[in-house]
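The values are calculated or read from the model by the stated rules, or taken from the named source; none is laboratory data. All of these numbers come straight from a predicted model, not from anything done at the bench. For neighbour counting, all protein chains shown are included, and Cβ atoms are generated from backbone atoms with ideal geometry for every residue, glycine included.
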Amino acid sequence: MKTWRRLDTGAMPAALNMAIDEAMLRLHVPGESRPTLRFYSWTPPAVSLGYFQKHHAIDLAACQKLGIDVVRRVTGGRAVLHQNDLTYSVVSDSRQGIPSSLEASYRLICNGLLEGFRLMGFTAEHGKEQVGITGEDICFMRAAVADIVYEGRKFVGSAQRWQGSSLLQHGSIVLEPQVQTWVAIIKTDSLESLHDSLESRITCLREILGRKIDPGELKQAIARGMAEALQTEFEGGELSSREWELAEEIAAGKTLSGIE
């Protein structure tokens with residue numbers, strides 16, 4: 001059976017979190033970085049914007065006042081709030097059994113997440129929406145094949161980046177309610193309407209399970225689910241010195257330029 005690396009890099013600043021994922025992808029292409037499942041969180045809280053998301057409704061002044069960083073991801077999609085969430089990333093390639101099509105690769109990796117949630121005691125499902133809706137500046141206002149929902153409300157959003165046959169997929173799993181923070185950092189003509197829309201479309205693991213989630217419990221369940229879906233085993237590891245070096249170099253270049 002295949003053996004992948006499992007990393008838990010803890011809580012880090014936004015720029016470094018995104019730079020580590022990007023460094024692993026870049027180094028995976030020439031075979032210098034192993035297939036990896038990584039878990040991480042964010043300190044301080046942050047909003048990550050999609051690579052192609054040139055226009056958005058994020059109130060940068062409000063984010064600054066609340067101590068929320070803003071960073072641009074190397075992957076696509078819309079704005080994601082990294083506050084009271086657990087983020088995962090997968091770096092692998094077609095030689096490890098990752099399908100080359102966008103939808104099939106999303107489904108395979110998200111199947112690992114779904115199995116992890118089943119092990120935690122509930123059944124979720126893939127998002128099914130095909131087109132954008134009102135509020136699509138926010139990733140969690142739309143649930144497509146890359147996403148996971150419970151009773152129609154989204155609590156996992158994922159995005160991808162490919163380089164050749166190598167894939168980075170990362171995503172946010174919402175642990176605690178985020179609606180109040182979203183309302184505080186989005187420019188809108190109607191806060192009440194935004195609040196109601198968010199409440200109707202977003203949920204979190206606390207609401208689903210009715211209890212506070214231990215991140216360690218969640219990581220273990222997801223690792224087991226991923227091992228089954230991806231037909232692999234995981235062994236603990238660390239970032240290599242080359243991965244750290246490249247990540248720090250990438251992070252140093254991640255500024256707010258182009259984020260207006």
Exercise. Which one is nearest to LEU175 (Cα to Cα) among residues in the stretch 58-75 that are among the charged types (D, E, K, R) and surrounded by 19 or more Cβ atoms within 10 Å (Cβ to Cβ)?
Worked result: ASP69
Problem set entry | Test for GLN160: is it surrounded by fewer than 23 Cβ atoms within 10 Å (Cβ to Cβ), closer than 29 Å to SER33 by Cβ and at pLDDT 95 or above | yes
Problem set entry | Residue among GLU207, GLU176, GLU136, GLU151 that is modelled with pLDDT under 95 and more than 30 Å from LYS2 (Cα to Cα) | GLU136
Exercise. Are any of the residues in the stretch 214-227 under 16 Å from PHE155 (Cα atoms), in contact (Cβ under 8 Å) with a residue 60 or more places away in the chain and among the basic types (Lys, Arg)?
Worked result: yes
Exercise. Are there any pairs with C-beta distances below 9 angstrom linking a residue in the stretch 113-128 that is farther than 12 Å from VAL149 by Cβ to a residue that is in a loop (DSSP other than H, G, I, E, B), with the two at least 6 apart or on different chains, and if so which?
Worked result: ARG118/ALA124; MET120/ILE213
For this session: Return only the number of the condition from (1) at pLDDT 95 or above; (2) loosely packed, with under 14 Cβ neighbours inside 10 Å that GLU192 does not satisfy.
Result: (1)
Exercise. Would you call ALA223 in a helix (DSSP H, G or I), of a type in the set (Gly, Ala, Ser) and touching a strand residue (DSSP E or B) at 6+ places or on another chain (Cβ under 9 Å)?
Worked result: yes
For this session: Only residues that are under 15 Å from GLN163 (Cα atoms) and either surrounded by fewer than 20 Cβ atoms within 10 Å (Cβ to Cβ) or small (Gly, Ala, Ser) (or both): list them for the stretch 35-57, please.
Result: TYR51
For this session: Go over the candidates ILE213, ILE208 one by one and state the one that is closer than 30 Å to PHE122 by Cα and in a loop (DSSP other than H, G, I, E, B).
Result: ILE213
